[in-house]
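The values are calculated or read from the model by the stated rules, or taken from the named source; none is laboratory data. Owing to the predicted nature of the structure, the values given are computational and were not obtained by experimental measurement. All Cβ positions, even for glycine, are placed from backbone atoms using ideal geometry, and neighbour counts span all protein chains on display.
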Amino acid sequence: MDTSTEEWKPIEGHKGYEVSSMGRVRSYRIPRHRGFQALPRILKTTPQSGYLCVTLSDRKTHGVHRLVASSFIGAIPAGMQVAHLDGNPTNNVVINLAITTPKVNQGHRKIHGTHAMGEKNANAILTDELVKELRSMKYYHGIDSDFANRIGAAHSAVQGARTGRTWRHVTTPPHRSKARGRAL
């Protein structure tokens, strides 16, 4: 990390703390038992849900990305989020951050591949291969229930994947019924 261009600004509402343009937080807090100003101390960050956080004097955990954005970009309006433009939630350099709407932030996640879609979702039972298998099967009444029972998934999850309502990212050639000539 090149700290030659690092700029420090006070954290609003937290006297004795500063945040840098490089995503570091330091404390200038005065030790009560010594009676003199301490040298600045870089605070340790702890990861929480992938984001780096610090605990300040209010004994609350604060996301470093939000501290950097509010000090260098401006106040974060209610309902807005701080997006990591490169998709790396530990890269809190000010040029990598932007204040966005949740919808725009979700779009960023899809662009850089960090959106928990399909198999990336920790709760997913289906896989890309199972969805391809399901879509390649000849349709019959009860296929969704049979397939769901076989893999231990909900009927609605299987139906959504088969019809393309969910798992849209899985590309399979459309299955056409010979009798009706339309995609199933």
In the stretch 73-96, residue surrounded by the most Cβ atoms within 10 Å (Cβ to Cβ) [restricted to those that are β-branched (Val, Ile, Thr) and out of contact with any Gly (no Cβ under 6 Å at 6 or more places or on another chain)]
Val82
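Results for (1) closer than 30 Å to Val158 by Cβ; (2) under 18 Å from the mean Cα position of the chain (by Cα); (3) at pLDDT 95 or above; (4) outside the structural domain of Val170 (by TED's automatic domain parsing), shown as yes or no for each residue.
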site	(1), (2), (3), (4)
Gly13	no, no, no, yes
Ser20	no, no, yes, yes
Val64	no, yes, yes, yes
Ala78	no, no, yes, yes
Val82	no, yes, yes, yes
Pro89	no, yes, no, yes
Lys103	yes, yes, no, yes
Tell me yes or no: at least one residue of the stretch 166-177 is touching a residue at least 40 places away in the same chain (Cβ under 8 Å) and either among the basic types (Lys, Arg) or under 30 Å from Gly63 (Cα atoms) (or both).
no
